[in-house]
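*Asks:* Have a look at the structure that comes next, please.
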Amino acid sequence: MTPSHQLPQRIYLLRHAKSGWAEPGGRDFDRNLSDAGFAEAELLAETAADKGYRPDLVVCSTAKRCRQTADAINRVFSGLVEFRYVDALYNAPAEAYLEIAHSIRGVEALMLVGHNPAIEEVFARLCGNEVMARTVPEGYPTSGLAVIDALGEDTHVLRDFLVG
(Lines give C-alpha, C1' and ligand atoms only; values in the text may rest on other atoms or scores of the structure.)
Protein backbone atom coordinates (compact mmCIF):
# COMPACT_ATOMS: atom_id res chain seq x y z
CA MET A 1 0.00 0.00 0.00
CA THR A 2 1.28 3.44 -0.82
CA PRO A 3 -0.12 5.82 1.75
CA SER A 4 -1.81 8.79 0.19
CA HIS A 5 -1.40 10.74 3.38
CA GLN A 6 0.60 10.60 6.57
CA LEU A 7 -1.04 9.06 9.62
CA PRO A 8 -2.35 11.36 12.39
CA GLN A 9 0.17 12.48 15.03
CA ARG A 10 -1.45 10.26 17.65
CA ILE A 11 -3.38 7.04 17.12
CA TYR A 12 -5.42 5.32 19.78
CA LEU A 13 -6.15 1.64 19.09
CA LEU A 14 -9.07 0.40 21.18
CA ARG A 15 -10.33 -3.16 21.10
CA HIS A 16 -13.99 -3.41 22.08
CA ALA A 17 -14.80 -4.33 25.67
CA LYS A 18 -15.70 -7.85 26.79
CA SER A 19 -18.82 -9.10 25.07
CA GLY A 20 -21.33 -11.84 25.69
CA TRP A 21 -22.10 -14.68 23.33
CA ALA A 22 -24.48 -14.24 20.43
CA GLU A 23 -28.11 -14.92 21.24
CA PRO A 24 -29.36 -18.28 19.93
CA GLY A 25 -29.91 -17.72 16.23
CA GLY A 26 -28.33 -14.27 16.55
CA ARG A 27 -25.48 -12.79 14.55
CA ASP A 28 -21.95 -12.18 15.84
CA PHE A 29 -22.37 -8.58 14.64
CA ASP A 30 -25.20 -8.02 17.16
CA ARG A 31 -23.39 -9.28 20.27
CA ASN A 32 -23.80 -6.98 23.29
CA LEU A 33 -21.16 -6.12 25.83
CA SER A 34 -21.35 -8.25 28.95
CA ASP A 35 -21.92 -6.55 32.32
CA ALA A 36 -18.16 -6.81 32.90
CA GLY A 37 -17.61 -5.29 29.44
CA PHE A 38 -19.78 -2.25 30.19
CA ALA A 39 -17.84 -1.73 33.44
CA GLU A 40 -14.42 -2.07 31.79
CA ALA A 41 -15.41 0.31 28.95
CA GLU A 42 -16.48 2.96 31.48
CA LEU A 43 -13.30 2.49 33.52
CA LEU A 44 -11.13 2.71 30.42
CA ALA A 45 -12.86 5.89 29.19
CA GLU A 46 -12.46 7.56 32.59
CA THR A 47 -8.81 6.52 32.91
CA ALA A 48 -8.04 7.84 29.40
CA ALA A 49 -9.72 11.16 30.22
CA ASP A 50 -7.86 11.41 33.56
CA LYS A 51 -4.57 10.98 31.66
CA GLY A 52 -5.52 13.64 29.12
CA TYR A 53 -5.96 11.18 26.24
CA ARG A 54 -8.66 12.65 24.05
CA PRO A 55 -9.11 11.83 20.38
CA ASP A 56 -10.36 14.43 17.93
CA LEU A 57 -12.12 11.73 15.94
CA VAL A 58 -13.28 8.20 16.78
CA VAL A 59 -13.75 5.81 13.86
CA CYS A 60 -15.66 2.78 15.11
CA SER A 61 -16.84 -0.53 13.72
CA THR A 62 -20.61 -0.67 13.41
CA ALA A 63 -20.74 -3.97 15.34
CA LYS A 64 -22.89 -3.50 18.43
CA ARG A 65 -20.13 -4.31 20.95
CA CYS A 66 -17.86 -1.69 19.36
CA ARG A 67 -20.59 0.95 19.33
CA GLN A 68 -21.31 0.22 23.01
CA THR A 69 -17.60 0.56 23.82
CA ALA A 70 -17.44 3.87 21.92
CA ASP A 71 -20.52 5.09 23.83
CA ALA A 72 -18.41 5.07 27.02
CA ILE A 73 -15.85 7.32 25.30
CA ASN A 74 -18.67 9.57 24.10
CA ARG A 75 -20.15 9.89 27.60
CA VAL A 76 -16.81 10.90 29.12
CA PHE A 77 -16.00 13.48 26.44
CA SER A 78 -19.65 14.50 25.86
CA GLY A 79 -19.69 16.40 22.61
CA LEU A 80 -15.94 17.16 22.43
CA VAL A 81 -15.16 14.29 20.08
CA GLU A 82 -16.50 13.49 16.60
CA PHE A 83 -17.68 9.92 15.94
CA ARG A 84 -17.93 8.03 12.65
CA TYR A 85 -19.23 4.48 12.37
CA VAL A 86 -17.78 2.42 9.54
CA ASP A 87 -19.14 -0.94 8.36
CA ALA A 88 -15.79 -1.75 6.73
CA LEU A 89 -14.09 -2.24 10.12
CA TYR A 90 -16.19 -5.31 10.98
CA ASN A 91 -14.29 -8.51 10.03
CA ALA A 92 -11.71 -6.36 8.28
CA PRO A 93 -7.98 -7.02 7.97
CA ALA A 94 -5.42 -4.67 9.49
CA GLU A 95 -4.94 -3.14 6.03
CA ALA A 96 -8.49 -1.72 6.11
CA TYR A 97 -7.83 -0.02 9.47
CA LEU A 98 -4.59 1.47 8.14
CA GLU A 99 -6.23 2.67 4.93
CA ILE A 100 -8.90 4.47 6.95
CA ALA A 101 -6.23 6.02 9.20
CA HIS A 102 -4.27 7.18 6.15
CA SER A 103 -7.39 8.72 4.59
CA ILE A 104 -8.20 10.96 7.57
CA ARG A 105 -7.30 14.61 7.05
CA GLY A 106 -6.97 17.45 9.55
CA VAL A 107 -7.07 15.27 12.66
CA GLU A 108 -4.22 15.24 15.17
CA ALA A 109 -5.52 12.38 17.32
CA LEU A 110 -7.49 9.48 15.84
CA MET A 111 -9.07 6.60 17.77
CA LEU A 112 -9.90 3.36 15.97
CA VAL A 113 -12.40 1.13 17.81
CA GLY A 114 -12.50 -2.37 16.44
CA HIS A 115 -11.81 -6.06 16.64
CA ASN A 116 -9.02 -8.55 16.96
CA PRO A 117 -7.01 -9.77 15.18
CA ALA A 118 -6.92 -6.51 13.17
CA ILE A 119 -6.29 -4.19 16.15
CA GLU A 120 -3.36 -6.36 17.29
CA GLU A 121 -1.95 -6.48 13.74
CA VAL A 122 -2.15 -2.69 13.35
CA PHE A 123 -0.40 -2.34 16.71
CA ALA A 124 2.38 -4.69 15.56
CA ARG A 125 2.77 -2.88 12.23
CA LEU A 126 3.05 0.53 13.85
CA CYS A 127 5.15 -0.36 16.91
CA GLY A 128 6.85 -3.61 15.89
CA ASN A 129 6.44 -7.22 16.95
CA GLU A 130 8.90 -6.89 19.84
CA VAL A 131 6.94 -4.02 21.44
CA MET A 132 3.70 -5.92 20.90
CA ALA A 133 5.09 -9.12 22.46
CA ARG A 134 6.39 -7.19 25.46
CA THR A 135 3.21 -5.12 25.93
CA VAL A 136 0.51 -7.73 25.30
CA PRO A 137 2.20 -11.13 25.70
CA GLU A 138 -1.18 -12.88 26.11
CA GLY A 139 -2.70 -11.07 23.12
CA TYR A 140 -4.48 -7.74 22.81
CA PRO A 141 -7.01 -7.64 25.67
CA THR A 142 -10.61 -6.47 25.48
CA SER A 143 -10.78 -2.78 26.43
CA GLY A 144 -7.08 -2.52 25.61
CA LEU A 145 -6.05 0.96 24.48
CA ALA A 146 -2.69 1.59 22.84
CA VAL A 147 -1.59 5.22 22.71
CA ILE A 148 0.78 5.54 19.75
CA ASP A 149 2.62 8.67 18.64
CA ALA A 150 4.25 9.35 15.29
CA LEU A 151 7.93 10.25 15.52
CA GLY A 152 8.31 10.51 11.78
CA GLU A 153 6.51 9.47 8.64
CA ASP A 154 7.06 5.73 9.20
CA THR A 155 8.22 5.68 12.81
CA HIS A 156 5.82 5.24 15.72
CA VAL A 157 6.32 4.81 19.43
CA LEU A 158 4.02 3.33 22.07
CA ARG A 159 3.38 6.05 24.69
CA ASP A 160 1.04 4.11 26.94
CA PHE A 161 -1.17 1.05 27.10
CA LEU A 162 -4.33 1.08 29.20
CA VAL A 163 -6.74 -1.72 30.04
CA GLY A 164 -10.26 -1.12 31.35
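*Asks:* Could you state how much accessible area residue 50 has, in square angstrom rounded to the nearest 10, with a 1.4 Å probe and all protein chains kept in place?
*Replies:* 130 Å²
*Asks:* Also, I was wondering about something else. Once you have all Cα-Cα distances for segment 52-113, histogram them in 5 Å bins from zero and send the whole-percent values.
*Replies:* 4, 18, 32, 24, 17, 5, 0
*Asks:* Taking K and R as +1 and D and E as -1, what net charge do the other residues with C-beta under 12 Å from the C-beta of residue 7 add up to?
*Replies:* For residues surrounding residue 7, the net value is -2.
*Asks:* Then there is this: Taking a ≥ b ≥ c as the square roots of the eigenvalues of the Cα gyration tensor of segment 79-164, is the shape rounded (a/c under 1.5), prolate (a/b larger than b/c) or oblate?
*Replies:* In terms of gyration-tensor shape, rounded.
*Asks:* Summing +1 for each Lys or Arg and -1 for each Asp or Glu, what net charge is found among the other residues whose Cβ lies under 13 Å from the Cβ of residue 66?
*Replies:* Its environment carries a net charge of +3.
*Asks:* Further question: Multiply the residue separation of residue 138 and residue 30 by 0.36 nm, subtract the distance between their alpha-carbon atoms, and state the gained length in nm to one decimal.
*Replies:* 36.3 nm
*Asks:* Would you kindly derive the ³J(HN,Hα) couplings of segment 127-137 from the backbone phi angles with the Karplus curve 6.51 cos²θ - 1.76 cosθ + 1.60 (θ = phi - 60°), listing them in order in whole Hz, with x for Gly and Pro?
*Replies:* Whole-Hz 3J(HN,Hα) from phi for segment 127-137: 10, x, 5, 5, 5, 4, 4, 6, 7, 10, x.
*Asks:* Considering only protein heavy atoms, what per residue accessible area in square angstrom results for segment 66-164 with a 1.4 angstrom probe?
*Replies:* 47 Å²
*Asks:* Rounded, prolate or oblate, given the Cα gyration tensor of segment 1-97, with a/c below 1.5 counting as rounded?
*Replies:* oblate
*Asks:* So if I place +1 on the C-beta of Lys and Arg and -1 on the C-beta of Asp and Glu, and nothing else carries charge, what would the dipole magnitude of the chain be about its Cα centre? I want it in debye, nearest 20.
*Replies:* Here the size comes out at about 200 debye.
*Asks:* Relative to the Cα centre, what is the charge dipole magnitude of segment 1-86, using +1 at the beta carbon of each Lys and Arg, -1 at the beta carbon of each Asp and Glu, and rounding to the nearest 20 debye?
*Replies:* So the magnitude is around 220 debye.
*Asks:* What does the charge dipole of segment 101-148 about its Cα centre add up to, to the nearest 20 debye, if the Cβ of each Lys and Arg holds +1 and the Cβ of each Asp and Glu holds -1?
*Replies:* 140 debye
*Asks:* Once phi is turned into θ = phi - 60°, what whole-Hz ³J(HN,Hα) does the Karplus curve with 6.51, -1.76 and 1.60 give for every residue of segment 10-27, x standing for Gly and Pro?
*Replies:* Result, rounded to whole Hz: 10, 10, 9, 10, 10, 7, 3, 6, 4, 10, x, 7, 5, 4, x, x, x, 9.
*Asks:* Mind listing the phi-derived Karplus ³J(HN,Hα) values for segment 35-49, rounded to whole Hz, using 6.51, -1.76 and 1.60 with θ = phi - 60°, and x for any glycine or proline?
*Replies:* Residue by residue, segment 35-49 yields 4, 5, x, 4, 5, 5, 5, 5, 4, 4, 4, 5, 5, 4, 4 Hz.
*Asks:* Taking the Cβ of residue 162 as the center, what net charge do the other residues with Cβ under 12 Å away carry, scoring Lys and Arg +1 and Asp and Glu -1?
*Replies:* Cβ neighbours under 12 Å give a net charge of -1.
The values are calculated or read from the model by the stated rules, or taken from the named source; none is laboratory data. Because the structure is a prediction, the values reported are computed rather than measured. All Cβ positions, even for glycine, are placed from backbone atoms using ideal geometry, and neighbour counts span all protein chains on display. Just the protein is used for accessible areas: all its heavy atoms, side chains included, with ligands, DNA and RNA removed. Shrake-Rupley method; radii C 1.70, N 1.55, O 1.52, S 1.80 Å.
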